[in-house]
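Nothing in this text is a laboratory measurement; each read-out follows from the coordinates by a stated rule. Because the structure is a prediction, the values reported are computed rather than measured. Cβ placement follows ideal geometry from the backbone for every residue including glycine, while neighbour counts extend to all protein chains displayed.
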Amino acid sequence: MANKKMAIIATKGTLDMAYPPFILGSTAAALGYDVQIFFTFYGLQLLRKDLSSVMISPLANPAMPMPIPMPVMVQMLPGMESMATMMMKQKLKKHGVASLEELRDLCLEADVKFVACQMTVDLFEFDKSEFIDNVEYGGAATFMNFAGDTDICLFV
Amino acid sequence: MNFDKELNARGMSCPLPIVKTKKSLADMTTGQVLKVISTDTGSVKDMAAFAEQTGNALLSTVEENGEFVFYMQKK
């Protein structure tokens, strides 16, 4: 019997939204799925060798639990994004949640295929040398070629 | 219960217990038993779901002292 398939479109480049594609990708691969993740727009940030620029902001993110109530005026101050990111990373670590780098490596080890959207790479003038090596480049039709035949198809 | 290999997944959160279980099973042979120890409450349902979808047999799930112990037999 042919393997089941899952396709994910990853469009977000913030720390919180970076997790679902890598968690679901690595898990599906562990369950025997063939997995492809198509990275487009801000999702391309998740392909950088260095993921330290993937951050989280409490700004315009009212659902984010904060240790103390924080007015929007305060959230706007310089350094708040770095601070929120540092706190979130500490929280993730404390709870035994893998880092993005680790989950991404687990995906690659399990042969999850990463496809970067060529159009948005060009649009944002990304330098491909800043991306990890295991990336293919393609467009919407490339995605459809795989996605058209999947059991699970998600947009993140 | 007898087992051939042990995986210590204490302190790991989703999806690590599942992904590491899969990796541990990879270099085992059919019929061998993997013991997995997890502290992640979500892993109880997840290990059952893993077994159901991969065809490996979840022989037993036991909770002792706040830890979950699974015995998974490789397909």
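Using Cβ point charges alone (K and R +1, D and E -1), the dipole size of segment B:5-73 about the Cα centre works out to roughly 220 debye.
Computed over chain A, the quotient of the alpha carbon radius of gyration and 2.2 N^0.38 Å is 1.11. Take every pair of alpha-carbon atoms less than 8 Å apart whose residues are at least six positions apart; their mean separation over the length of chain B yields a relative contact order of 35 percent.
Could you give the Stokes-Einstein D for segment A:36-97 in µm² per second, using the C-alpha Kirkwood radius, 37 °C, 0.692 mPa s?
Values: Rh = 13.4 Å.
Estimated via Stokes-Einstein, D reaches 245 µm²/s.
Simple point charges give the picture: +1 on the Cβ of Lys and Arg, -1 on the Cβ of Asp and Glu, and for chain A a dipole about the Cα centre of about 540 debye.
DSSP beta bridges confined to the protein assembly as shown are antiparallel in about 40 percent of cases. Think of it as helices only: each DSSP H run of n ≥ 4 in chain A is worth -39500 (n - 2.57), and spread over all residues that comes to -11000 deg cm²/dmol at 222 nm.
Whats the longest run of chain A with zero trypsin sites (Lys or Arg not before Pro) that are DSSP loop and have at most 16 other Cβ atoms within 10 Å? If you can, show how the numbers build up before the last one.
On the way: sites that count: A:LYS4, A:LYS49.
With a cap of 16 other Cβ atoms within 10 Å, the longest stretch comes to A:50-156.
Considering helices alone, the calculated mean residue ellipticity of chain B at 222 nm is -9500 deg cm²/dmol, with DSSP H runs of length four and up weighted by -39500 (n - 2.57) and normalised per residue.
Here segment B:5-73 carries DSSP beta bridges of which approximately 70% are antiparallel, counting only pairs with both residues inside. Just so you know, the Cα atoms of segment A:90-139 work out to an Rg and Dmax of 14.0, 39 Å.
Between helix B:43-54 and chain B, what is the angle of the helix's C-alpha long axis to the longest principal axis, kept within 0 to 90° and rounded to the nearest 10? The helix B:43-54 is inclined about 20 degrees to chain B. When +1 charges are put on Lys and Arg Cβ atoms and -1 charges on Asp and Glu Cβ atoms, the dipole computed for segment A:88-133 relative to its Cα centre reaches about 480 debye.
Need one value for B:13-24: mean number of C-beta atoms belonging to other chains within 10 Å of its residues' C-beta atoms. It would help to have the intermediate numbers written out before the result.
Details: counts 6, 6, 14, 9, 1, 4, 13, 2, 1, 8, 4, 0.
Taking the mean over all residues of the peptide, I get 6.
Between the beta carbons of A:ASN61 and A:PHE124, assuming R0 = 22 Å, the FRET efficiency works out to 0.45 to the nearest 0.05.
Count Lys and Arg as plus one, Asp and Glu as minus one, and take only other residues whose Cβ is under 14 Å from that of A:LYS93; the net charge is then +1.
Multiplying the residue separation of A:ASP16 and A:LYS94 by 0.36 nm and removing their Cα-Cα distance gives an extension gain of 26.5 nm. Over the Cα atoms of chain B, the radius of gyration divided by the Kirkwood radius equals 0.91; this is the Rg/Rh ratio.
What lysines could a cross-link reach from B:LYS35, if we take a straight Cα to Cα line under 26 Å and drop same-chain neighbours fewer than 8 places away? Excluding near neighbours in sequence, the set is A:LYS93, A:LYS94, B:LYS5, B:LYS20, B:LYS22, B:LYS23, B:LYS45, B:LYS74, B:LYS75.
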